[in-house]
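Please read the structure below before turning to the comments.
Each reported figure results from applying straightforward, stated rules to the coordinates on display, with no laboratory input. Everything numeric in this text was worked out from a predicted model, so none of it was measured. Neighbour counts run over all protein chains shown; Cβ positions are idealised from the backbone, glycine included.
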Amino acid sequence: MTTDDTSAKGRGAADIRAHEDEEAAGIDRPGLHATGDARPHNEPFRSVLARNIERRSFLLGAAATVPVLMAGSAALLPTEAEAGARRLSFTPIEPSQLDDIIVPENYESRVLIRWGDPVLPTAPTFQPNRQTPEAQEQQFGYNCDFVGYFPLDSDRRALLCVNHEYTSGEDMFKNYSPGVNRKQAEVEIAAHGGSVVEIQRAGSIWSVVKSDRYNRRITGDTPMVITGPAAGEPLMKTSADPTGTRVLGMLNNCAGGKTPWGTWLTCEENFNQYFANNGLAADPAIKAAHARYGVSSGPTGRRWEAFYDRFDVVKEPNEPFRFGWVVEIDPYDPTFVPRKRTALGRAKHEAATTAIAKDGRVAVYTGDDQQFDYVYKFVSKNKYDPANRAANFDLLDEGVLYVAKLHDDNTGEWIPLTIDNPLLKDKFSSQGEILIKTRLAADAVGATAMDRPEDCQPNPVNGRVYLTMTNNSARSNIVADSGSALANPRVPNLNGHIIELTEQKNDHAATAFKWEIFLLCGNPEIDLKTDPDSLTPGLPSSATFFAGYADATKLGKIASPDNIAFCSKGHLWIATDGQPNSADIGNPNDALHVVPTVGRDRGYLRQFLSGPKGSEVCGPEFSDDERTLFCAIQHPGEGGGIPNTVSTWPDRRELPRPAVIAVRREDGKDIGL
Ligand code: FEO
Ligand code: CA
Ligand code: CA
């Protein structure tokens, strides 16, 4: 789900698009999207890039050692070239507007589990016209997003951890009545959160095991603990929790990650949309903090505040501070109490991906999915112990949270958001407050404003970290945007881009890095720029760049990169959220693409899968043997509401159902090769 859309979740697509237009025009509507108004605008990434290009042009004639700007000219290590020899060999598919899953020839896809399917053995059969919260608490939730594969004892058994990001009442109920029908609100809360399901494979077919050994539903009402420096802070205390350490539920969990010790990181993203009436908040400091995160100034779309005081800022001003965190869950222990890890900061987290630093500490990368917001990295204080799983469970409670600043010489720095930072120590009372107000702290240290940072993924082959910037419809023009609120070389950035970040000495604990543009997404048939030096600020949104790959006749078309994943060969798999909005590429359905990052095919992007109408493709996630690719198909049919939903996938009935699919080659061999 796009953040542009987020405050409008629960509304129709037409409302969402209209809202985007208003946002682009600088119009704020109470209850919609107040976020952008309350922040100072740090130097946008685009202006950094502009200066960067100028500087590079000047230096190129004088010094051979200047950092290269564009990925296409990056020198490859021998191991990278070798890995790149494992070339992709599938026949790409064409963009599609069909209401179905499309995969390449010689591949097959099957639905593994849908909204309403049983998760717990006691779950009743799904009855779309008689939904109850008691049933939904035992069934697969709505709008699946992140998918994590956790192995069991063979390549035929595993656990899948799946996020249920948000509900779309108009696509779930025939007579959706927010604020009036309490039972619908209870079903919606139960449809949020996540699922842990045991799966097994017989031959080529995966199925869900209806077992109570591992299977679990986590909802918007599941008891959780708050850990790390912000636990117990005054701002975390409510009338229901005077300790500031216990909270009910996780909300809007978008993407996530897996830790090396086998836990699931699930990320609260657009939590702001569940909390009402910030415009009436009594405390100006609390009101300002909530406004920076876009908490609704008036009623919410779902109107849960009509039934629960905690969703009304006037009644419980601190409750929103208890959301917007990365939550850690042990999928192998169904009694594990989920832990909100405050040391990782509070933002609209898209994903949280881990990498081990050279000295054994743990780095966690995360993007804050908002126009002009930031990229973060946490580095743990203590080291990962591969020999003692239990010893790693609280690694994410102590460490340093950094925010990224990109400089104009292709370098960047990770700025610590710590109470001893001179730029912060007079503005915040404690480390806990800095973390609760992470965005405000990042504003204060001059972080670089980006184009909606979504996923961040370390590449297992070259160690570089790839950052997706999904799009930024609010960028206006280069002159007016200078020094203000824009973050991309294109005006506007409707198609998104991907940045490639190289940590100093390839060490994930480094506080310095270099960066390059890897992809400028769009339609290469309109504008393919093979020469990095031809990239200049103020390019039209149709301008593209594919890591220097030059043959436009081979390249696929892509827009709005969102969730990404690497296979072990270093190929980057890119799921999209917003292609139907891109006229440049013909408004196709959202999709899954793949692009090599190493070897001679670097930048050669191809489409692998197309989703049904109205859906967004999420996940993606490989089985450990990389012979199954799981994807979450989120919000099929979005855009009309019952009875006008635009999809009947997957059951070919009136009600579309979000679902996880499993894709395999018909011969059972490695995906893509
Ligand atoms: Fe839920 Fe950033 O997409
Ligand atoms: Ca998105
Ligand atoms: Ca996403």
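Residue by residue, the stretch 184-193 carries 3J(HN,Hα) couplings of 4, 4, 5, 5, 4, 4, 6, 7, 7, x Hz when phi is fed to the Karplus relation 6.51 cos²θ - 1.76 cosθ + 1.60 (θ = phi - 60°); x denotes Gly or Pro.
Rounded to the nearest 20 debye, the dipole magnitude of the stretch 556-630 is 360 debye, with +1 charges on Lys and Arg beta carbons, -1 on Asp and Glu beta carbons, and the Cα centre as origin.
Each of the peptides 201-209, 510-518 was scored by the mean count of other Cβ atoms within 10 Å over its residues; in descending order, highest first, they stand as 510-518, 201-209. If R0 is taken as 35 Å, the Cβ-Cβ distance between T122 and R389 corresponds to a FRET efficiency of 0.70.
Cα-based radius of gyration for the stretch 400-461, normalised by 2.2 N^0.38 Å, reads 1.24. What's the whole-number percent of alpha carbon pairs in the stretch 13-665 lying beyond 48 angstrom? Summing the P(r) of the stretch 13-665 above 48 Å gives 7 percent of all pairs.
Which stretch or stretches of the stretch 307-331 have amide N atoms under 17 Å from the point lying 7 Å from S239's Cα along the Cα→Cβ direction? Flagged as within label range: 307-321.
Only lysines eight or more places from K358 in sequence, or on another chain, were considered; those with a Cα closer than 26 Å are K258, K377, K381, K383, K405, K505, K514, K569. Annotation: amide H-H contacts under 5 Å for D651 (H modelled 1.01 Å from N, sequence separation of 5 or more, or interchain): R657.
Normalising the average separation of contacting C-alpha pairs (under 8 angstrom, six or more residues apart) by the number of residues puts the relative contact order of the stretch 605-673 at 29 percent.
With Cα atoms defining each centre, the stretch 216-281 and the stretch 303-322 are spaced 13 Å apart in the structure. Here the alpha carbons of the stretch 308-447 define both size measures, Rg and Dmax, at 16.2, 51 Å. Spin-label model, N644/S211: points 7 Å from Cα along the beta carbon direction are separated by 4.6 nm.
With the convex hull drawn around the C-alpha atoms of the stretch 536-661, the volume per residue stands at 120 Å³.
Value of Rg to Rh for the stretch 276-324, rounded to two decimals, is 0.91; Kirkwood radius and Rg both from alpha-carbon coordinates. Along its three principal directions, the equivalent ellipsoid of the stretch 481-595 from the Cα gyration tensor extends over semi-axes of 23, 19, 15 Å, largest first. Over the stretch 343-384, the Kirkwood radius and the radius of gyration, each from Cα atoms, give a ratio Rg/Rh of 1.03. Across every pair of non-identical alpha carbons in the stretch 613-672, the mean reciprocal distance, once inverted, gives a Kirkwood radius of 12.5 Å. Extension gain, E134 to D283: 0.36 nm times the residue separation minus the Cα-Cα distance gives 49.9 nm. Using only alpha carbons, the stretch 175-330 has a radius of gyration to Kirkwood radius ratio (Rg to Rh) of 1.03. Given R0 = 45 Å, the distance between the Cβ atoms of S429 and R182 translates into a calculated FRET efficiency of 0.70. Here the gap between L673 and E654, fully extended at 0.36 nm per residue and compared with their Cα-Cα distance, gives a gain of 3.1 nm. Here the contact order of the stretch 13-665, divided by its residue count and restricted to Cα pairs under 8 Å and six or more residues apart, works out to 18 percent.
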